[in-house]
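Q: Mind looking over this structure? Questions follow.
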Amino acid sequence: MKKETRVNHPPRVDLPAENRPVVAPIYQTVKFEFDNLEQTIEYLNGGRQGFFYTRTSNPTNRQLELTLAQLQGREECLTTSSGIGAMAQTLLALTKQGDHVLCFVETYGPTRYLLRSVLARFGVAHTLLSIEDIEGVERSLAARATRLVIFESPTNPVTKIADIEALTRLAKAHGALTILDNTFAGLHQHGEYDIDVFVHSLTKFASGAGDVMGGAVIARSELIRSLRADFGTLGGVLDPHAAFLIQRGLKTYFVRYRAQCGTAQRIAELLAGHSAVERVHYPGLPGHPQYALARTQMREAGSIVSFDLGGGTQAAGRFVDALELFALTPSLGSTESLVIAPQMMSVRDLSPEQRRLAGISPGTVRLAIGLEDGEDLATDVTRALDAAGA
Ligand SMILES: Cc1ncc(COP(=O)(O)O)c(C=O)c1O
């Protein structure tokens, strides 16, 4: 073999059968092959296990999918290149012209965009209610055949808690599938509820370090089977290296999630006691309007703490600029703490009434708590609150 050929056919190094790596390798390959045509055709006809082309499956991604399915308490999972990609592909795969989708004003902005600007082009209609309006949900489902009910809990940014039992019961009674974007609550919560499809941004708590993007759709086997062909062709596949990084991040998921929630609780309590703060939104505080519901549904209350500053947009500006340890940028669930100001919370697509329901005031600030020392964060927040109130 000439060297020009050798560099394209490097020597194989197979592990002996009784010898294995403790951490699974990254299968950074697009293609897999079988020994001969007969085996290849057998695989393509579904009669042989294996892998062929990474856009449809890859062992590194598969390991991550199996882990995520177990964490969320479902049978199957598909991974995607981002959280919103997971939502987009799910919506495209589960709807058709003439369908109606029920969603909520408190839902993540890009998900609302998918409904308003993408699905609408294909003749899929939607209704936006408030997540607190369970009677409205019942009325809407009774009035109109509905394919999907899409929601989040806690919601962004003011951490409203969806009544998951009521929503799933009503959706089921009217033949609608439920999709819960469970990114804020994490991969280990809400699995005991009768949710049909969980969507996650793996960019957040799953990977944890804020350096990789990914998404996941987790559901029972039959539903995932019905999505698989569309997902393979829509093509928003997770790169195996990203899958490896996310799998690595998951090893510390519980330690990180719980530490972040512990510090979030402390910061929420601090905020509740400061004169510049009008209202704190954190489901772990007894003063939260749905505290009892949050206690029933969640083991941990999350790492997002939002609050309304009495001084409105100006005070919020002084607050975010005075912080030293919080990066002024969106996202959540990574090691470093983040903050967003009210001007960064896009609700331009909502009517004034819908904006009111979304609960964002001119002084609403959202903190995403990271893994820094809690006392350092508390000192930083107190100093910035004093600057905001000055
Ligand atoms: C609730 C929620 N869903 C979905 C996404 C989208 O995730 P990604 O940025 O991985 O596309 C985000 C991102 O912030 C989010 O907060």
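Q: Restricted to region 273-309, and to residues that are among the aliphatic types (A, V, I, L, M) and more than 17 Å from Ser361 (Cα to Cα), which residue is most open to solvent (accessible area, probe 1.4 Å)?
A: It comes out as Ala292.
Q: Looking at (1) more than 10 Å from the ligand (Cβ to nearest atom); (2) in contact with a Leu (Cβ under 8 Å, 6 or more places away or on another chain), which one does Arg225 not meet, given that it meets all the others?
A: The number of the failed condition is (2).
Q: Here's another thing I want to ask about it. For region 147-157, how many residues meet the condition of being open to solvent by less than 10 Å² (accessible area, probe 1.4 Å) and outside any strand (DSSP E or B)? Steps first, answer last, please.
A: Residues of region 147-157 open to solvent by less than 10 Å² (accessible area, probe 1.4 Å): 148-151, 153-155, 157.
Now drop any that are not outside any strand (DSSP E or B), which leaves 153-155, 157.
Residues in region 147-157 being open to solvent by less than 10 Å² (accessible area, probe 1.4 Å) and outside any strand (DSSP E or B): 4 in total.
Q: Of the residues Glu300, Glu278, only one is modelled with pLDDT of 95 or more, assigned to a loop (DSSP other than H, G, I, E, B) and charged (D, E, K, R); which? So that I can check it myself, show each step before the final result.
A: On the way: Glu278 fails: assigned to a loop (DSSP other than H, G, I, E, B).
That would be Glu300, the only listed residue that is modelled with pLDDT of 95 or more, assigned to a loop (DSSP other than H, G, I, E, B) and charged (D, E, K, R).
Q: Do we find that Ile134 is surrounded by 18 or more Cβ atoms within 10 Å (Cβ to Cβ), within 30 Å of Val280 (Cβ to Cβ) and out of contact with any strand residue (DSSP E or B) (no Cβ under 7 Å at 6 or more places or on another chain) in this structure?
A: So Ile134 does not fit the description; no.
Q: Out of region 252-270, which residues are hydrophobic (A, V, I, L, M, F, W, C) and under 26 Å from the mean Cα position of the chain (by Cα)?
A: Phe254, Val255, Ala259, Cys261, Ala264, Ile267, Ala268
Q: So, in region 55-100, how many residues would count as being within 15 Å of Leu119 (Cβ to Cβ), polar (S, T, N, Q) and either touching a Cys at 6+ places or on another chain (Cβ under 9 Å) or within 16 Å of the ligand (Cβ to nearest atom) (or both)?
A: Count: 2.
Q: Select, from Glu33, Glu106, Glu65, the only residue that is among the acidic types (Asp, Glu), surrounded by 15 or more Cβ atoms within 10 Å (Cβ to Cβ) and not in a helix (DSSP H, G or I).
A: Only one candidate passes the filter, namely Glu106.
Q: Quick check on my filter: what residues within region 179-210 are at positive phi and either open to solvent by less than 10 Å² (accessible area, probe 1.4 Å) or touching a Pro at 6+ places or on another chain (Cβ under 7 Å) (or both)?
A: Passing the criteria: Gly186, His190, Gly208.
Q: So the check is Cβ under 8 Å with 6+ separation or different chains; which pairs have a first residue in region 279-296 that's without any contact (Cβ under 8 Å) to a residue 12 or more places away in the chain and a second one that's surrounded by fewer than 19 Cβ atoms within 10 Å (Cβ to Cβ)?
A: Sorted first by the residue in region 279-296, then by its partner, the pairs are Tyr291/Leu285.
Q: When residues of region 84-112 are filtered for being in contact with a helix residue (DSSP H, G or I) (Cβ under 9 Å, 6 or more places away or on another chain) and closer than 24 Å to Arg355 by Cβ, how many remain?
A: Of the residues in that region, 14 qualify.
Q: Just to be sure before I move on: is Glu269 in contact with a strand residue (DSSP E or B) (Cβ under 9 Å, 6 or more places away or on another chain), among the acidic types (Asp, Glu) and not in a loop (DSSP other than H, G, I, E, B) in the structure I sent?
A: yes
Q: Okay, next question. Out of Gly232, Gly273, Gly214, Gly208, report the one residue that is among the small types (Gly, Ala, Ser) and without any contact (Cβ under 8 Å) to a residue 40 or more places away in the chain. Even if it seems obvious, please write down each step before you answer.
A: On the way: Gly232 fails: without any contact (Cβ under 8 Å) to a residue 40 or more places away in the chain; Gly214 fails: without any contact (Cβ under 8 Å) to a residue 40 or more places away in the chain; Gly208 fails: without any contact (Cβ under 8 Å) to a residue 40 or more places away in the chain.
Sole residue among the options that is among the small types (Gly, Ala, Ser) and without any contact (Cβ under 8 Å) to a residue 40 or more places away in the chain: Gly273.
Q: Just to be sure, is Leu167 over 19 Å from Pro110 (Cβ atoms), of a type in the set (A, V, I, L, M, F, W, C) and touching a residue at least 60 places away in the same chain (Cβ under 8 Å)?
A: no
Q: What's the number of the only condition in (1) surrounded by fewer than 24 Cβ atoms within 10 Å (Cβ to Cβ); (2) away from the ligand (no atom under 13 Å from the Cβ) that Met213 fails to meet?
A: Tallying (1) surrounded by fewer than 24 Cβ atoms within 10 Å (Cβ to Cβ); (2) away from the ligand (no atom under 13 Å from the Cβ), Met213 fails exactly one: (2).
Q: For residues that are surrounded by fewer than 23 Cβ atoms within 10 Å (Cβ to Cβ) and of a type in the set (Gly, Ala, Ser), scanning just region 86-103, find the one that is nearest to the chain's Cα centre (by Cα).
A: Filtering first and then ranking leaves Ala88.
Q: Looking only at residues in region 198-210 that are of a type in the set (Gly, Ala, Ser) and more than 9 Å from the ligand (Cβ to nearest atom), which one is nearest to Gly333 (Cα to Cα)?
A: Among those residues, the one meeting the criterion is Gly208.
The values are calculated or read from the model by the stated rules, or taken from the named source; none is laboratory data. Predicted, not measured: the structure shown is a model, and the values here were computed from it. Glycine also receives a Cβ, built like all others from the backbone with ideal geometry; neighbour counts cover every protein chain displayed. Ligands, DNA and RNA are excluded from the accessible area calculation, which covers all protein heavy atoms including side chains. Shrake-Rupley method; radii C 1.70, N 1.55, O 1.52, S 1.80 Å.
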